[in-house]
1. Within region B:317-336, work out how many residues are closer than 18 Å to B:Gln391 by Cβ and over 11 Å from the mean Cα position of the chain (by Cα).
2. If you check B:Asp118 against the conditions, is it more than 13 Å from chain A (Cβ to nearest Cβ) and open to solvent by 20 Å² or more (accessible area, probe 1.4 Å)?
3. Just to confirm my filter: which helices (runs of 4 or more DSSP H) fall fully inside region B:429-544 and include at least 1 residues that are out of contact with any strand residue (DSSP E or B) (no Cβ under 9 Å at 6 or more places or on another chain)?
4. Contact list please: Cβ distance under 9 Å, first residue in region B:282-308 and on the phi > 0 side of the Ramachandran plot, second residue part of a loop (DSSP other than H, G, I, E, B) and open to solvent by 20 Å² or more (accessible area, probe 1.4 Å), pairs at least six apart or on different chains.
5. Of all residues in region B:370-405, count the ones that are outside any loop (DSSP other than H, G, I, E, B) and either at positive phi or at the interface with chain A (Cβ under 8 Å from one of its Cβ atoms) (or both).
6. Output the residue which, of all residues in region B:377-398 that are open to solvent by 40 Å² or more (accessible area, probe 1.4 Å) and under 18 Å from B:Gly337 (Cβ atoms), is modelled with the lowest pLDDT.
7. Please go through (1) part of a loop (DSSP other than H, G, I, E, B); (2) open to solvent by 10 Å² or more (accessible area, probe 1.4 Å) for B:Thr142 and return the number of the only condition it doesn't satisfy.
8. Which one of these is modelled with pLDDT of 90 or more, more than 10 Å from chain A (Cβ to nearest Cβ) and in a loop (DSSP other than H, G, I, E, B): B:Leu225, B:Leu161, B:Leu152?
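The values are calculated or read from the model by the stated rules, or taken from the named source; none is laboratory data. No experiment lies behind these values; they were computed from the predicted model shown. So basically every Cβ, Gly included, is an ideal-geometry build from the backbone, and we count neighbours across all protein chains shown. All accessible areas refer to the heavy atoms of the entire protein, side chains included, with ligands and DNA or RNA removed. Shrake-Rupley method; radii C 1.70, N 1.55, O 1.52, S 1.80 Å.
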Number of protein chains: 2
Amino acid sequence: MRGLMMDWPLTITSMVDYAGRYHGTQEIVTRTIEGPIHRYTFADLRLRALKLGQALTTLGVGLGDRIGSLAFNTYRHLEMFHGVTGIGAVLHTVNPRLFPEQIVYIVEHAEDSWMFADLACWPIIEALADKLPGVKGWVVMTDRAHMPETKLANVHCYDDLIDGASGDFQWASFDENTAATMCYTSGTTGNPKGVVYSHRSIVLATFAASMGDVLGAAPKGGDVLMPISPFFHANGWMLPFTPCMTGNKMVLPGRSYEPEKLLELMNDEGVTVTAAVPTIWTMLMDYLDRTGKRPTSLTRVLIGGSAPSEGMLRKIELELGIEVYQGWGMTETSAIGTKGGLKPGAGNLPWEEQAALKMTQGRGAYGVEMRIVDDAGQVLPNDGEASGVLQVRGPWIASGYFKGEGGNPLSADGWLNTGDVARLRPDGYMVLTDRAKDVIKSGGEWISSIDLENTASSHPAVLEAAVIAAHHPKWDERPLLIVVLKQDASLTRDELLTWLAPRLAKWWLPDDVVFVDEIPHTATGKISKLTLRQQFRDHVLPTI
Amino acid sequence: MRGLMMDWPLTITSMVDYAGRYHGTQEIVTRTIEGPIHRYTFADLRLRALKLGQALTTLGVGLGDRIGSLAFNTYRHLEMFHGVTGIGAVLHTVNPRLFPEQIVYIVEHAEDSWMFADLACWPIIEALADKLPGVKGWVVMTDRAHMPETKLANVHCYDDLIDGASGDFQWASFDENTAATMCYTSGTTGNPKGVVYSHRSIVLATFAASMGDVLGAAPKGGDVLMPISPFFHANGWMLPFTPCMTGNKMVLPGRSYEPEKLLELMNDEGVTVTAAVPTIWTMLMDYLDRTGKRPTSLTRVLIGGSAPSEGMLRKIELELGIEVYQGWGMTETSAIGTKGGLKPGAGNLPWEEQAALKMTQGRGAYGVEMRIVDDAGQVLPNDGEASGVLQVRGPWIASGYFKGEGGNPLSADGWLNTGDVARLRPDGYMVLTDRAKDVIKSGGEWISSIDLENTASSHPAVLEAAVIAAHHPKWDERPLLIVVLKQDASLTRDELLTWLAPRLAKWWLPDDVVFVDEIPHTATGKISKLTLRQQFRDHVLPTI
């Protein structure tokens, strides 16, 4: 027996239409790439998105066509999230910080038919255009006055496209499972893989992100939201969509990530909630320390991407009086994996106990099922002790990658392997212990490379530390510690191991230490363990 | 091009499983029908719901079977919402306040295969059982000790069913559009009509109800929710589901609607949010006035079902310091039609201006599109001036009634006619002016019977007033005012009309006044205009 309810598809157009109609006068403020502060309303957003859809249709773009963007968080990029998807085309946000060859690879792989770039990213287009024969034309996301000189053919000015459209236009009609946006995973191993979000998955993840304890509109709706995390990371943690549903004022920083610029914009616009990676907070706190300045309206910060240190948490909460929500997610989970809000009642705990909860990777959110499994795929208990590969399932979790890249990523019973190793606590909190491919499997037991790195990094002479697995004849794998010393510091292998010994379980102690001048990093700033594993492939551990 | 996201059906089981796993220790407190306060957790709820599903399966209940309930808000009724729907059966909540013949009609029409009743409602079963030959068996929602003596055959004790199940049971798998619950509209005209909610519509409406400005978990999740509105009204305004998603403590009043009992439970359990019709508040405020007692933890009340008076709003907000959210919805909109929270920024307005917003029927919620149309079906502007029949569209709006009763209720372009007459303001607020069938159509213009009734009721000698349309040879319809005077009051037709004249537009002035001893009401306490229209079918208006 079926319900007798309307068949009303969950589409992004329904969110931007809602925003235009029900909080049309609410503001969206942007620090533009061109420089000045730009402000307009959700009604303006909707109208310009509609005009963009109309202009794209005139250019021949239709259902399923991929449109690439190389852009930071501005109102024009926001318009693309709604205007491109509203005609059933697919917005492919490309990370401008990737290496040029990676950008070429993913634009070609996605078969982007048009590329849009803001002025900050336009030089990338100029440099790569002749390697992208599949792209039919280029759009510079600026106005006529700021159009760059170019020798490229078929270059359009974004504002001219908008101004040339009448706005007398209807969104396309399509099934809610239609592709809406795409995002490639950075891929520390193998080729980058394209995650394809649907209209349905985005509406549902936006509902989840709008809940009070995930991100949430305050009861009076007075929260002002600043998405610092770029829209090209997992399509911006659903933040291009959430304010459309909740009606919150939105503040976009453009590409101005300098702490003084961020703080100025935050304070000028009364921002109450931001979302950013810890790096932003490291820079911002250093700036606050140096200048004595303070955020004047901020009440809540969402931290994701990687974990904040305890020092960061302490400082933000106790010195600045701002609440920290740590969340976990990945491109494959539409960024929304856990929620950072404390569980009911925990707000009354002493701060040190709250902090222990906040240092976890958050609580399960409705719509994301989590479990951990061992090497054989057996499900392990949620007892806070067992550590296993984290698998997830839900309506906004990827079921595969574009063009089948990387094969079927799902388990036989339909769960996605996240590649993270975690513990699941009985109270619902999740604690990441490592990336699955970085964990050291020593005699059937797992050693967390992250824990070893954190411990080694706390030695006063150590600037950076990395741990990888080295082959061991008896234990299969044993930890190899790779260290960069601080300038003018000196430390021997044995001194470091002696220092580490009381700080680690005996069987976790690295079998060897190698000192290097530099540890290789990926384009997104993470330690490239892939490169390290190649460099130290033939490393022979000392036998004791 | 399709998204590459998991096909994860939106089911009620996913909500109760989430509740059991992620806030398993959160409390659900019930004032039982048997008397004592009962408390247990969401983990208990999940386990007992699972056992109920298992027991029903053993009884032969399967996908699509209808299970009727005659019950107030208790943990056992809550378990039915999850246990019955979790095996793909359909929970049909029956309003025990309906007339016996209506109960017989809808139980037969829904073809309920089993009927559950709590001790308060069991006498209804005893009285009606022999008129319900289609029902295979009966379940008394109590424990063994409280089982009533009965001569009926095939009567089970609810707790025995639960205790007899091992809990080693899996929820059924089914499509998200599968029917989950049913609710009949009271039907002031024609036969009662069955609205059939789906798993998908309930999950989506629950998402909407969980948003900060609709109902909402507070950021720290500390809100304690008391659904006073019975679960059999539009399936309880989504409140049997919302706390499963948000993790809020839940307090259920059973059938104890007496103000002293409600207040005691509220204060004892730290209730911060309630949901109720205005009648409850009228009784409660009278009690507070008489006793000087006060709610000690309440911060927010949701009022729906009908509109609160301005006096009620003023008293709750200014005297008690509790915020009022007025929402509008109906059985056909899964109760969630508008949201009562003020729009962003409005919280800073002077109270009188906030009050003016709160006296509207609320703002549009994401997921419910609203429009107004004239008699010819032409869409009217959202200008706050035009008044027309309210139509709605969305994923939790009924597309028709069970067994096609009443024919296709949708417009040619797929909107549901609500039968309400409303104005839609440019700022997104909706104002109801009348029921479509009660509006007086005078010379092509509409006169609101509700406005006339409110004005007439404010005369000091008037106890109750009703206005219906009477036939008029020139204007088609003109208002006829029907009045019950207060005890010992005296008032003539001409005195009342003279008193009304300066208070109404000239053409709104009733053409006649009739004094009666009593105005007929429906089972749900509303004025029965159907009966009045029959009584005064032949009333001849005086000619001027």
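1. Total satisfying the criteria: 0.
2. Judged against the criteria, B:Asp118 is not a match.
3. B:493-500, B:529-535
4. That search, which allows pairs on different chains as well, returns B:Gly305/B:His233; B:Gly305/B:Val277; B:Gly305/B:Gly329; B:Gly305/B:Thr524.
5. Residues that pass the stated criteria total 5.
6. The residue in question is B:Ser387.
7. So B:Thr142 meets the others, but not (2).
8. Numbers: B:Leu225 fails: in a loop (DSSP other than H, G, I, E, B); B:Leu161 fails: in a loop (DSSP other than H, G, I, E, B).
When all the criteria are applied, what remains is B:Leu152.
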